[in-house]
Amino acid sequence: MTEESAHDGEAETDAETESGPRVATDGGSDDSVVRRDRFSGGPARSFLSSLSADERIFEADLEVDRAHAVMLAEQGIIEADVAGQILTALDAIEVDGHGSLPDGEDVHEAIETAVIERIGADGGKMHTARSRNDEVAACIRYRLRADVLDAIETTLALRESLVDVAEAHDETLMPGYTHLQPAQPTTVAHWALAYEGAVRRDTERLFDAYGRVNQSPLGAAAFAGTTFDVDRERTAELLGFDGGPASSARGSSAEQRSAVVVENSMDASSSRDFLLETTQALSTHATTLSGLAEDVIIFANRGFVDLADDYSSTSSIMPQKKNPDTLELVRAVAGDAAGGVQGLTTTLKGLPRAYNRDLQRATTHAWETVDAVTEASEVAAGAVATADWNEDDLAAEAGEGFSTATGVADLLAANGLPFRTAHELVAIAADNGADYDALEAAAEEVLGEPLEAYVDPAAVDDALDPAESVASRDSQGGPAPEAVADQLAAADEALAADRDALAETADAIESARQALRSEVNGYV
């Protein structure tokens with residue numbers, strides 16, 4: 001993924017336009033199309049090469065080459081018949097695949113060399129008015145946007161799984177915890193929707209990152225622009241660089257979108273903040289996934305939930321074991337993602353403008369992070385969707401540790417007792433049996449009066465009951481079934497809107513791909 005050649009800038013493109021690089025058309029030359037014989041050998045060549053790693057952006061590079069060649073022909077910078085030969089050669093290279101490319105410093109050089117081997121020196125005209133700096137920036141953005149959309153799709157699948165769980169268990173009691181200690185009774189639905197809300201924000205962050213990924217750097221050349229009359233908006237249009245739903249046109253249809261370019265040429269060629277932002281968004285999602293995985297692992301340990309066999313394993317020596325291995329790995333991915341953010345941040349920290357070869361190492365962090373987090377998100381969605389909640393065990397444990405104590409204190413406060421006094425009274429009862437008799441004794445100690453002087457005993461009994469306690473917590477966002485119903489409605493609405501946005505974005509990319517193909521067919 002090498003970005004800058006030894007002859008970058010207009011001198012290089014002019015030279016290639018006039019005479020073409022010194023590469024034999026029979027494929028027998030040892031010269032580098034970019035470095036030429038002066039820089040084509042030496043012990044550091046393999047260290048400099050990124051050709052193998054560049055397989056990930058092979059198809060993106062071909063599309064970027066096609067769009068650039070079409071634009072050059074439309075602008076009269078290269079002849080239409082030469083553009084046709086270049087585009088025909090690119091089609092043949094795509095069919096042959098990345099593995100058939102000649103040796104080169106990177107995929108960009110290897111593709112250009114392969115074109116020249118097929119059509120002769122005129123193949124070098126494909127690099128006119130372009131540097132590998134803006135070329136690779138475009139290729140990274142082109143491929144990364146597809147990866148981000150895949151990641152978004154997995155967040156939607158996870159949200160759908162969580163919503164399904166919530167709809168099925170809106171009255172299924174469960175113990176709620178703080179500090180991993182029994183705190184208050186709640187429901188499985190309330191727990192599931194807590195994670196749905198967090199994953200929903202993860203989706204939003206990825207959409208926001210996508211909007212800044214999907215902008216075109218082409219036409220920036222090395223960093224100082226070009227003397228050629230290029231049309232940057234045209235290449236952006238051909239490649240579908242339209243910002244996407246996270247731009248000011250969020251939620252608009254594909255037909256309303258227009259090409260978006262990174263305006264400043266130095267910024268366009270050298271900036272990688274879009275990589276860092278995307279990796280950070282993925283790391284945040286991985287952190288959400290880690291918390292979800294930890295909860296389910298604990299619940300499985302306590303017998304509250306059974307994971308499907310597809311998301312579990314057994315011990316090699318202990319046949320009775322059923323281990324939540326997949327979720328343990330989901331939990332671990334958060335560390336990998338955080339490492340990706342740190343590695344990328346350190347690579348980018350302190351780099352001067354414009355281009356530095358350090359950037360060749362930057363993308364690895366993003367690729368590894370997006371792959372790991374996307375897979376973890378998909379696994380988490382499947383594990384949640386196929387888990388079996390043990391309703392009887394959950395209900396039996398919902399009141400453990402006097403988890404209804406807060407409800408009793410609230411009841412006393414609602415009947416005129418200062419909350420701090422009520423808190424003290426209930427705390428004493430918690431140490432002495434945590435039942436009505438203990439509350440009665442605590443009232444005599446703290447208030448000097450019987451409990452019923454302040455509150456109806458029947459109301460206390462209700463407050464002590466986990467189901468009644470949950471039903472009473474009907475404030476916005478609470479666990480009561482009617483409050484959960486509102487949350488479910490909001491979750492369904494947000495999920496549908498994000499699915500529409502994802503579909504519109506994918507349609508816009510596909511429309512651009514077809515439009516580019518149509519333009520290419522006019523030359524080949």
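Filtered by the rule that a residue be buried (at least 24 other Cβ atoms within 10 Å of the Cβ), within 30 Å of A220 (Cα to Cα), modelled with pLDDT of 95 or more and of a type outside the set (A, V, I, L, M, F, W, C), the range 270-307 gives T278, T279. Checking each residue in the range 490-517 for being surrounded by 14 or more Cβ atoms within 10 Å (Cβ to Cβ), of a type outside the set (S, T, Y) and under 17 Å from A157 (Cβ atoms) picks out A491, D492, A494, L495, D498, R499, A501, L502, A506. For the range 348-362, residues that are within 25 Å of the chain's Cα centre (by Cα) and surrounded by 18 or more Cβ atoms within 10 Å (Cβ to Cβ) total 4.
Residue-by-condition table, conditions (1) modelled with pLDDT of 90 or more; (2) closer than 30 Å to V341 by Cα:
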residue	(1), (2)
T364	yes, yes
V370	yes, yes
G401	no, no
E424	yes, no
A463	yes, no
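Close Cβ contacts (under 6 Å, 6 or more residues apart or on different chains) running from residues in the range 385-409 that are at positive phi to residues that are not hydrophobic (A, V, I, L, M, F, W, C) comprise G401/P182.
Residues that are crowded, with 20+ Cβ neighbours inside 10 Å and under 32 Å from the mean Cα position of the chain (by Cα) are absent from the range 453-468.
Scanning the range 508-524 for residues that are of a type in the set (D, E, K, R) and under 15 Å from Y142 (Cα atoms) gives E510, R513.
Considering only residues that are of a type in the set (G, A, S) and within 30 Å of G243 (Cβ to Cβ), which ones fall in the range 178-219? Steps first, please.
From the range 178-219, those of a type in the set (G, A, S) are 183, 189, 192, 194, 197-198, 209, 211, 216, 219; that's our starting set.
Answer for the range 178-219, where residues must be of a type in the set (G, A, S) and within 30 Å of G243 (Cβ to Cβ): G197, A198, A209, G211, S216, G219.
If the condition is being part of a loop (DSSP other than H, G, I, E, B) and under 19 Å from V520 (Cβ atoms), then the range 86-126 contributes only G97. Quick check on the range 148-162. Is at least one of its residues more than 17 Å from A497 (Cα to Cα), touching a residue at least 40 places away in the same chain (Cβ under 8 Å) and in a strand (DSSP E or B)? The answer is no; no qualifying residue exists. Among the conditions (1) surrounded by fewer than 22 Cβ atoms within 10 Å (Cβ to Cβ); (2) modelled with pLDDT of 95 or more; (3) farther than 27 Å from A508 by Cβ, the only one that A192 does not satisfy is (1).
Looking only at the range 393-401, decide whether some residue is under 29 Å from A168 (Cα atoms), in contact with a helix residue (DSSP H, G or I) (Cβ under 6 Å, 6 or more places away or on another chain) and of a type in the set (D, E, K, R). No, there is no match, as no residue in the range 393-401 is under 29 Å from A168 (Cα atoms), in contact with a helix residue (DSSP H, G or I) (Cβ under 6 Å, 6 or more places away or on another chain) and of a type in the set (D, E, K, R).
Screening G340, G335 for residues that are touching an Asp or Glu at 6+ places or on another chain (Cβ under 7 Å) and modelled with pLDDT of 95 or more leaves exactly one candidate, G340.
The values are calculated or read from the model by the stated rules, or taken from the named source; none is laboratory data. Since we're looking at a predicted model, the values are computed, not measured. Glycine also receives a Cβ, built like all others from the backbone with ideal geometry; neighbour counts cover every protein chain displayed.
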